[in-house]
Amino acid sequence: MRKSLDYIIEAVIFICGILSIVFVVLIFSFLLKEGLSFFKDFSFIKFITNQFWYPNSKIPSFGILSLISGSALVTLGACLIAVPIGVMTALFISEIAPKSIRDILKSLVELMAAIPSVVIGFVGMVTVVPLVKNVFNLPTGLTAFSGSIMLALMAIPTIVTISEDAIRSVPWQYKEGALALGATKWQTLRRVVLKAAMPGIIAAIMLGIGRVIGETMAVMMITGNAAHVPHSIFDPIRTMTSTIASEMGETVRGGMHYKSLFAIGLVLFLITFLVNFIADLFLGKNKNL
Amino acid sequence: MMKLSPKLSQKLSYMLLFIATMLAIIPVLIIIFLIIKNGYSAINWKFLTSMPEDGMRAGGIFPAIIGTFAIVMCAIVITLPVGVCAAIYLNEYAKDNFLTRLIKLAIVNLAGVPSVVYGLFGLGIFVMFLKLGVSIIAGALTLSIMELPVIITTARGALNSVPQSFREVSLSLGVSRWQTIRHIVLPNALSGILTGTILSIARISGETAPILFTAAAFYVPRLPDSIFDQVMALPYHLYIISTQIPNMPKNIIYGTALVLMMMVLTMSFVAIFARIYFRKRRKW
């Protein structure tokens, strides 16, 4: 009796164990199914190279080049802000800050990750957006630049946490060796520790990028939702995520517009899959240090 | 250019790193301060327990609070047992083989899927294919899949921190593998799993994109009767009133943001203190 009960429970545990694989496959195949049925009626090449997103006009056009470039621009901007700040913060917390305040600093950085993205979006709307409008004398503050600032804040905790792990896992012999040769502590950090921790830091940056590309609510509230290829970072833009979120409500279930949003979801899924896969490769490398 | 002495360049660099750290910390403090300062005047008992009025420009946020509570609780009830079982499999049963590596890769990627893509998936599978409609249960199922990798990872960490010798003693007494896990490993990992669960609840309470098309309603001035009803949800409500409603009184928006933020932060703090408390009491 007890043996067969054990057997059943272990079978359930095994099923739960492989459920993650099932879900990834399910999500992918579902997006693929809807996406492929869309690409039957609208060519994939046109989908990613055409810049006109007019899903509701008489002759609809489903080009997502403007959305891809919007996502790319806001992500690039966020990275330019978040990567230096994040890596420097990780260095400071793990190597320079006094031990007694290390945990406090780390908790404060991670506090940002706990704030819901709508709240960050709202605060961005009432602070950064008017500030950007006035400082740069623009017609609107709802720009890629404003989005980049808020997204950078959301990516920093990810970058700091993972970089810090990588920096701390650098063997102490490396540091002692450099210090014994007469290097200052800063020279050691910059030339030895940072180099040794690089795979982990790259993984941290990739995960930060993954977070930024997938972010929806804050970006939708701050970047102005204008579907055109941006000329500068001070243009309003629209990302792939915010297009899905803002238009899904008004589509006819099963129609072309509906399917096109799933096709965008498919593109997003593939991009984040790739980004996370690369991050995982680098994390694996870090462990073999 | 003058070459800086190593000592001076160290000093300057440390200063730079310190400034970067401040740049990473100060914004979150500003956000919290702004919302508390502008929001606390809106908060009173009536705001928390009454229905919205006048096209949401007045009255309270009660249905949104209840809606979020219902969705989140359902999601946790679904995802917790599955996630813990998956963690048990990975930590206690799985051998280092291809399947295990595949599971780990799947978990990493599940964690990286954008939240709005989970929303699409939930719409397609739960709302349309399984015909659950836009409902609490459809939203909860969507969120539960999204939270699964987080629960698995934290539960696995908790199981992993139980010393191997505990298992060996039990097994050497002739106790079966599952009985050992059930009576020795799980009770010792419980505190870690609990804190992870609280953090997960905090995280999904603030999620908007996954429930956008699966559970959340623009305006429903009554409470749900069953898990097949659609509901208002706090994060979605905040999005609506801050972007879609013209002439929205600012203090209500700040008040709503404050309630949402406080819910999430309070749970996060509880989890952090619970972790510290349990760590101190640990016997090994």
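A few points about this structure:
- Enumeration of residues in the stretch A:232-258 that are closer than 19 Å to B:A209 by Cβ, modelled with pLDDT of 90 or more and either part of a loop (DSSP other than H, G, I, E, B) or among the charged types (D, E, K, R) (or both): A:R238, A:T239, A:E247
- Only one of the listed residues (B:A202, B:A140) is of a type outside the set (S, T, N, Q), away from chain A (no Cβ under 14 Å), out of contact with any Pro (no Cβ under 6 Å at 6 or more places or on another chain) and under 28 Å from A:T272 (Cα atoms). That residue is B:A140.
- Just one of the listed residues (A:G86, A:G121, A:G141) is under 22 Å from B:Q244 (Cβ atoms), assigned to a helix (DSSP H, G or I) and assigned by TED's automatic domain parsing to the domain that holds A:S242, and it is A:G121.
- Lone qualifier among A:L91, A:L36, A:L73 - being touching a strand residue (DSSP E or B) at 6+ places or on another chain (Cβ under 9 Å) and either more than 26 Å from A:V219 (Cα to Cα) or in the same structural domain as A:K195 (by TED's automatic domain parsing) (or both): A:L73
- Only listed residue being assigned to a helix (DSSP H, G or I), within 14 Å of another protein chain (Cβ to nearest Cβ) and within 23 Å of the chain's Cα centre (by Cα), chosen from B:P81, B:P63: B:P81
- The helices (runs of 4 or more DSSP H) found entirely in the stretch A:145-216 that carry 2 or more residues being of a type outside the set (A, V, I, L, M, F, W, C) and free of Cβ contacts under 8 Å to residues at least 40 places away in the same chain are A:172-180, A:185-188.
- Within the stretch B:46-57, one or more residues are farther than 30 Å from B:N160 by Cα, within 23 Å of the chain's Cα centre (by Cα) and part of a helix (DSSP H, G or I).
Residues checked against (1) outside any helix (DSSP H, G or I); (2) surrounded by 21 or more Cβ atoms within 10 Å (Cβ to Cβ); (3) within 14 Å of chain A (Cβ to nearest Cβ):
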{"residue": "B:L12", "(1), (2), (3)": "no, no, yes"}
{"residue": "B:M22", "(1), (2), (3)": "no, no, yes"}
{"residue": "B:I30", "(1), (2), (3)": "no, no, yes"}
{"residue": "B:K37", "(1), (2), (3)": "no, no, yes"}
{"residue": "B:Y40", "(1), (2), (3)": "no, no, no"}
{"residue": "B:A70", "(1), (2), (3)": "no, yes, no"}
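Here's the yes/no breakdown for (1) within 21 Å of the chain's Cα centre (by Cα); (2) assigned to a loop (DSSP other than H, G, I, E, B):
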{"site": "B:A155", "(1), (2)": "yes, no"}
{"site": "B:F166", "(1), (2)": "no, no"}
{"site": "B:Q179", "(1), (2)": "no, no"}
{"site": "B:L190", "(1), (2)": "yes, no"}
{"site": "B:I201", "(1), (2)": "yes, no"}
{"site": "B:T214", "(1), (2)": "yes, yes"}
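- Per this entry, B:L132 is not counted among residues that are in a helix (DSSP H, G or I) and buried (at least 16 other Cβ atoms within 10 Å of the Cβ).
- Matching residues in the stretch A:259-289 - criterion: being over 19 Å from the mean Cα position of the chain (by Cα) and either more than 12 Å from chain B (Cβ to nearest Cβ) or free of Cβ contacts under 8 Å to residues at least 40 places away in the same chain (or both): A:L261, A:G284, A:K285, A:N286, A:K287, A:N288, A:L289
The values are calculated or read from the model by the stated rules, or taken from the named source; none is laboratory data. Note that the structure is a prediction, hence the values are computed from the model and not measured. No Cβ is skipped: glycine too gets one built from the backbone with ideal geometry, and neighbour counts run over all protein chains shown.
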